[in-house]
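The values are calculated or read from the model by the stated rules, or taken from the named source; none is laboratory data. These numbers were taken from a predicted model, which means no experiment stands behind them. Note that we place each Cβ from the backbone using ideal geometry, even for glycine, and neighbour counts take in every protein chain shown. Side chains are part of the model used for accessible areas, which takes the heavy atoms of the whole protein and leaves out ligands, DNA and RNA. Shrake-Rupley method; radii C 1.70, N 1.55, O 1.52, S 1.80 Å.
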Amino acid sequence: QVQMEESGGGLVQAGGSLRLSCTAPKSAFDAYAMGWFRQAPGKEREAVSCISRSGGSTYYADSIKGRFTIARDNDKGTLYLQMDSLEHEETAMYYCAADFSVCPPRFRVVPNSGGFYWGQGTQVNVFS
């Protein structure tokens, strides 16, 4: 598998914004739905958001409550996550992935499915 490359994380005050980016080979963007996942210390990795291959459908975890926006630019080979009104609960390492399973109903990554999986991640720290 070819790993993704995440960037854009950082330290931000609660209520602030960050824009995460993810790059991968164009073949990943052409072939798969894409999603953002996060993992906080002591917790399981969880799905945050996903977007269909064409970009026509998006999905978000219930906890997001309209505060994030996912987008993809297949020509540039870049996936984005605009994060607004950040809360402390968003503190985590954020990863991206490309696969058929990243959108509901599975809303997860299936190991050894042939998709493109985690890069090094980008850390988001939200303080009050």
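Comparing Leu20, Leu86, Leu11 in a Gaussian network model of the chain where C-alpha atoms under 10 Å apart are linked, the largest mean-square fluctuation is found at Leu11.
A simple charge model with +1 on the Cβ of Lys and Arg, -1 on the Cβ of Asp and Glu and nothing else charged puts the dipole of the chain at about 160 debye relative to its Cα centre. One decimal place: the segment Glu44-Asp30 gains 2.2 nm when fully extended, by the rule 0.36 nm per residue minus the C-alpha distance. Solvent-accessible area assigned to carbon and sulfur over the chain amounts to 47 percent, based on a 1.4 Å probe. In the context of the full set of protein chains, the chain has a per residue accessible area of 50 Å² (1.4 Å probe). For the chain, a Gaussian network of Cα nodes joined below 10 Å ranks Ala24, Ala92, Ala14 by mean-square fluctuation, and the top entry is Ala14.
Loop-resident trypsin sites (Lys or Arg not before Pro) (DSSP state other than H, G, I, E or B) in the stretch 60-128 with no more than 11 further Cβ atoms inside 10 Å of their Cβ: Lys65.
With contacts taken as Cα pairs under 8 Å and at least 6 residues apart, the chain reaches a relative contact order of 37 percent.
Classify the chain as rounded, prolate or oblate, taking a ≥ b ≥ c as the square roots of the eigenvalues of its Cα gyration tensor: rounded when a/c is under 1.5, otherwise prolate if a/b is larger than b/c and oblate if not.
prolate
Solvent-accessible surface (1.4 Å probe) assigned to Thr58 amounts to roughly 60 Å². Taking the charge dipole of the stretch 3-128 about its Cα centre, with +1 at Lys and Arg Cβ atoms and -1 at Asp and Glu Cβ atoms, the residue from Ser17, Ala92, Ala31 reaching farthest to the positive side is Ala31.
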